[in-house]
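The values are calculated or read from the model by the stated rules, or taken from the named source; none is laboratory data. Since the model is a prediction, treat every value here as computed from it, not as a measurement. For neighbour counting, all protein chains shown are included, and Cβ atoms are generated from backbone atoms with ideal geometry for every residue, glycine included. Note: accessible area is taken over every heavy atom of the protein model, side chains too, but ligands, DNA and RNA are not part of it. Shrake-Rupley method; radii C 1.70, N 1.55, O 1.52, S 1.80 Å.
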Amino acid sequence: MPISVGQRSTTNPPSWNLTIDSKVIPVTGSKSISTILAHLMDYLDSSKDYSDYALWWPKAKTWLTNTKWTLDQYGIQSDSHLTFVNTQKYIRLQLPDLRILSIRVDFSSSVFASVSKLCNDLGIRHPEELSYLHLRKISTNNERNSSPRRRHNPSCGGVLNRHNSMGDSLANNLSTTSTLFTPTTPKLRSTSASSCHQRTGTNLSKSLNNLAINDGDLARTPYATTTKHLFSQLIRPINLIEKCRLNNLWFDSSKSLMEQNVRENDFILLRFKYYAFYDLNSKFDAIRINQLYEQAKWSILSEDIECTEEEMMTFAALQLQIQIQSSSKSMITFQTNDFNDNYDNTDIDQALERLQNSLLGNMRSHSIHSLIQTKEFLCDYLRFCKPRRFLLKSFKRYWFVLHNTQLTYYTDESQQRNTPIEKISLKGCEILPDVNISTKKYAIRLMIPSIDGMNEALIKCSTEKQYATWMAAFRLASKGRTIDEPSYETERESIIALLNMQLPISNSQHTKADIQPDNYVSLKFAKKYKTKQVINEK
């Protein structure tokens, strides 16, 4: 029958069968993913929660997460096979300090989004500095030649040859949910290893909520000294080719984990990728700084990063001092007050009393008001000097008085009611420490702004306590604050704690006989010099 001019053809597009797992659904190319999911729900158990499930196209390695797109837009045809899988899966993640956690991540989101979510749960700022590093299957010892410095074999392809690496011990162990080195590392609350795989939840944060992680655990090194069994788990690239291959194993941040051939229970490293760190703050970045320090330490020991001998020795000396001070009582007290905020009742009562005094203000009695006014004055004998070019520094003893932000000094205490020698406004000044514990030098350097520039003045204290008292007062005065504020005592105590950390410890557990150079410098450097030479340089 002929078709008239105004009549349109009403032929429907041809339908074909789409296979999702073992289910066959009749579809057309114009159907959207949301419509297909609605039809798929008719074949599934309605009592089960499928909010974490999504369609996965194995052949194209693509997630069909955009539910508004049609099958034609994705390029799916009748020969395509899709799977309906759970996007939340477990991986074994190694932190920069070599601790391994079994966590649950979203396999459908990009690597950048996954790292950002993980860093947010761990309390690490600026997640753009970190990324995932994948260790592929490592060749066994039987596949290697007897010499560790053998030439590269082209038949190995992209396999990275390393001796007894951590990836070997974990590649075939799928039942292990957490490999822990010390009791202080985070553990799962579940007692059985298989129970963590049976957990269900729709929120990604539930995986890390099940981990008993707090800021103090990740902000401190879990082991006091490096042990030998950790050395066998380090990846030691033996030449430049292996270093290039190791750096080529970074994940693509724009793709998801499953799109990059990652499967459940795979072993993945979390590392700082770019050596450009922004806004490091010891108050907010305790975990971030510790993980940075741990990655730098293990990178030097494994010779993964290039550095000079002088830089290696400087870093080794800092490591030794950190371990010595960590074992001392002052360092433990400082860390406890800084990270855990474990204050006793006396400190709480004093803080409440200071808060009450500051809130009441003029409503207090005249006696208390006069007591506060006397506290605003700080007087003592100090040595003063104004350095000049081509002249030796000569310190003279003066009577100093600090009132609010004004610093005045006189020839002696009896001249305090007369005209002072000089008045110095500390507001806006730069206060710099000039301390040497070994020579008992406790000096404060004042950089006073003037029309001609910055004028320098040196004030020398006689004792450690006197230095802490005046240094805390000067720092507050430079910010326009006075010593009657509660923050003055906190500032003074922090200065005393910092000085105590720099004091030499006579009864230190780390004697020269206990120092193992292999724990601080690379194996190549330790073999080059004798043990006594390395220890003496530290």
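The figures follow:
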| item | result |
| --- | --- |
| All strands (runs of 3 or more DSSP E) inside the stretch 46-94 with 2 or more residues being in the same structural domain as residue 32 (by the TED database) and within 15 Å of residue 19 (Cα to Cα) | 53-57, 81-86 |
| Close pairs from the stretch 53-72: first without any contact (Cβ under 8 Å) to a residue 40 or more places away in the chain and under 13 Å from residue 34 (Cα atoms), partner open to solvent by less than 60 Å² (accessible area, probe 1.4 Å) and assigned to a loop (DSSP other than H, G, I, E, B), Cβ under 6 Å, at least 6 apart | 55/64 |
| Test: residue in the stretch 26-37 that is farther than 30 Å from residue 296 by Cα, without any contact (Cβ under 8 Å) to a residue 40 or more places away in the chain, open to solvent by 60 Å² or more (accessible area, probe 1.4 Å) and polar (S, T, N, Q) | no |
| Qualifying residue in the stretch 8-18 (condition: open to solvent by 30 Å² or more (accessible area, probe 1.4 Å), basic (Lys, Arg), outside any strand (DSSP E or B) and out of contact with any Ser or Thr (no Cβ under 9 Å at 6 or more places or on another chain)) | yes |
| Condition check for residue 536: outside the structural domain of residue 429 (by the TED database) and either at pLDDT below 90 or in a loop (DSSP other than H, G, I, E, B) (or both) | yes |
| The stretch 237-253, subset within 23 Å of the chain's Cα centre (by Cα) and touching a residue at least 40 places away in the same chain (Cβ under 8 Å), residue surrounded by the most Cβ atoms within 10 Å (Cβ to Cβ) | 251 |
